[in-house]
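Here's the structure, in structure tokens; my notes come after.
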Amino acid sequence: MKLRFGLLCLIAIVGLGCTARSITLPDSESSAAQLYSDKCSACHALPHPKRHSAAEWPPVFKLMERRMRERHVPAFSAEQRSVLLGYLQDNAR
Ligand code: HEC
């Protein structure tokens, strides 16, 4: 069982590139999704909005804003923050 999983992952790595380069975002054509994929992939692979519940996203978001300050990444405007957080919560798990 374990071996089979490893084999599958190996095939995935070789075949597709296991780096999660391209997740499929909800409403991927919307400006919110585009802002999201632009801003939230600067430091790590883009997490899917379903990674967290609507209640969990605000504290995670706050932590990310702190990580941005630490790294001198320009802060979000109030509007960007509300678009991004709204997008995450609308599409949360
Ligand atoms: C300035 C760099 C930076 C940016 C920009 C950034 N993150 Fe992060 N993110 C991190 C770091 C560093 C971690 C590792 C955990 C930690 O140190 O807090 C992380 C971890 C995470 C995690 C992992 C926690 C988990 O649930 O597995 C999520 C989710 C996440 N970020 C979401 C986001 C979202 C959403 C955005 C856009 C609003 C974003 N990140 C933008 C630096 C960043």
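Just so you know, all these numbers are worked out from the coordinates, no wet-lab data involved. Fair warning: this is a prediction, and the values are worked out from it, not measured in the lab. Heads up, the Cβs are rebuilt from the backbone with ideal geometry, glycines too, and the neighbour counts pull from every protein chain shown.
Remarks
- Ranked 81, 71, criterion: other C-beta atoms within 10 Å, fewest first: 71, 81
- Here 39, 50 are placed in order of increasing Cβ neighbour count within 10 Å, fewest first, which gives 50, 39.
- Cα-derived Rg over Rh, computed across region 24-90 with Rh taken as Kirkwood radius: 0.92
- Rounded to whole Hz, the Karplus (6.51, -1.76, 1.60) HN-Hα couplings of region 65-78, x for glycine and proline: 5, 5, 4, 5, 4, 4, 9, 6, 7, x, 5, 6, 6, 4
- For 44, 72, order by how many other beta-carbon atoms lie within 10 Å, fewest first: 72, 44
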